[in-house]
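The structure appears below as structure tokens.
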Amino acid sequence: MSSILRLVITFIFLSIAALQLHAQQVITGNAPTVTITAIPGYTGDLSTFNTALQVLIDNAWDNILTDANAELANMQEPKDLAKGFSNANAYASRAATMQGYQDYSYFALMSGAMFAIQAPGFDISRSQVERIREDIKEDGDMYLGVSAGLAFVNAGINAGFIYPGLYINFKYGSYSFDGKDIDSNLEGFTYKTVLYGIGINQIILWPKRLIPGMLRWRGISIGTGFYYCKTSIGIEILEDLISTGVTTSEVTGYDPDEDEDDDPITGALALDPSFMIDIDMTTMTIPLDLTTAFRILSIINFNIGGGVDFCFGSTDIKLKSRSDVIFETGDENVIAEVEPGNIQMSGGVEDGKPSFLNPRVTAGIGFNISILKIDIPVAVYLDAGVSVGLTAGIIW
């Protein structure tokens, strides 16, 4: 499970590059208030000096805000990013799927995880990652998203007592973690997901032994159901301190370098641009499935099929930041009292919808050891999405 989480984290941080640069953000804030109380050699009116200094600081701060908001003004709202995350969350709700095992005699009890990615034309080579970053810079948005689903239990029962060939299953899973508990480099990353589901399957062509003891056809089944998956991701983006210089005109009597010439006082506005990103995904999926499978030598199980997912829900991606803005002089002998300012950033996208119709083909390979089953299910979505899982359990 930890390896799947590491994959999820890797792809999420890649996706966040788009949001970090191009969400429709609004940056506001206030400049710090600075009062100089002592300047070596200066005998003039400090009140007048401080008034002029504050004007310089306010102007520098206004320029910072103007430039920052102007750079962001042309960036588009990352609707494709929100859609990509919504789709990936829906794909991940297939965790612990029983595709290929819908002919058991009594009951099934499975557990599993599913990793999903929505990324047209994506691969993890360095050149491709760099291309994605360049596309993000140019376009301001990208159809990209990732998620992971976990089903602690998917319990199924042969409901042939209701109707021959009918199977009913219920699934549930919940998982959360704090990145710092996995790796110190992941501090500030949190993940929480919960999954509920119900499934109904009906055999329409009954299984047959094609070669006794060697090859058994599991028939063809159709299925539907309802999956609810809610995933929340929190990411703290840590950035280096940003500073902007402020320089006064020459100050009479101030000569720190002792060259008998009056010198200006220099200082810097400094701020921490780090911010938080919250991603909240809620999807509801109604799948339609058509599946067949073969059991080889009573050990290997191979399944193939197709279907379509009808998806509903939304994804909210929010940016939040609030940090102090301080002023520091370049000379420790120039004593200043500083009331810090602040910078605030908010933005993101709300109510990003998943694709309503998601056709897919499915396949999987599994291994049987008596009633114990281990399966690797794969689903490839025609809208450039993929989900890969690991399922284990018992089927009787």
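Computed from the coordinates by the stated procedures, all read-outs in this text should not be read as laboratory data. Note that the structure is a prediction, hence the values are computed from the model and not measured. Note that each Cβ is placed from the backbone with ideal geometry, even for glycine, and that neighbours are counted across all protein chains shown.
A few points about this structure:
- E332 paired with D351, simple spin-label distance in nm, labels 7 Å along Cα-to-beta-carbon: 5.7 nm
- Between K180 and I365, the contour length at 0.36 nm per residue exceeds the Cα-Cα span by 63.1 nm.
- The simple Förster model, with R0 at 22 Å and r as the Cβ-Cβ distance, assigns D45 and T66 a FRET efficiency of 0.10.
- Reducing segment 322-396 and segment 235-303 to their Cα centroids gives an inter-centroid distance of 15 Å.
- Potential lengthening between L297 and E339 on full extension [0.36 nm per residue; Cα-Cα distance subtracted]: 7.4 nm
- Using the Cβ-Cβ distance between V55 and K79 with R0 = 35 Å, the FRET efficiency computed as 1/(1 + (r/R0)^6) comes to roughly 0.25.
- Likely footprinting exposure, F85, F294, F189, fewest C-beta neighbours within 10 Å first: F294, F189, F85
- The simple Förster model, with R0 at 22 Å and r as the Cβ-Cβ distance, assigns T37 and T252 a FRET efficiency of 0.80.
- When each of the peptides 229-236, 172-179, 109-116 is scored by how many other beta carbons lie within 10 Å of its residues on average, the order from highest to lowest is 109-116, 229-236, 172-179.
- Straightening the chain between I200 and E187 buys 0.6 nm, computed as 0.36 nm per residue apart minus the Cα-Cα spacing.
- Net charge over other residues, Cβ less than 12 angstrom from the Cβ of D309 (K, R count +1; D, E count -1): 0
- Projected label distance in nm at K320 and T28, using a 7 Å step from Cα toward the beta-carbon: 1.6 nm
- When the pairs K320/K353; K180/K318; K171/K230; K171/K373; K230/K318; K79/K171 are compared against a 20 Å limit on Cα-Cα distance, K320/K353; K180/K318; K79/K171 fall above it.
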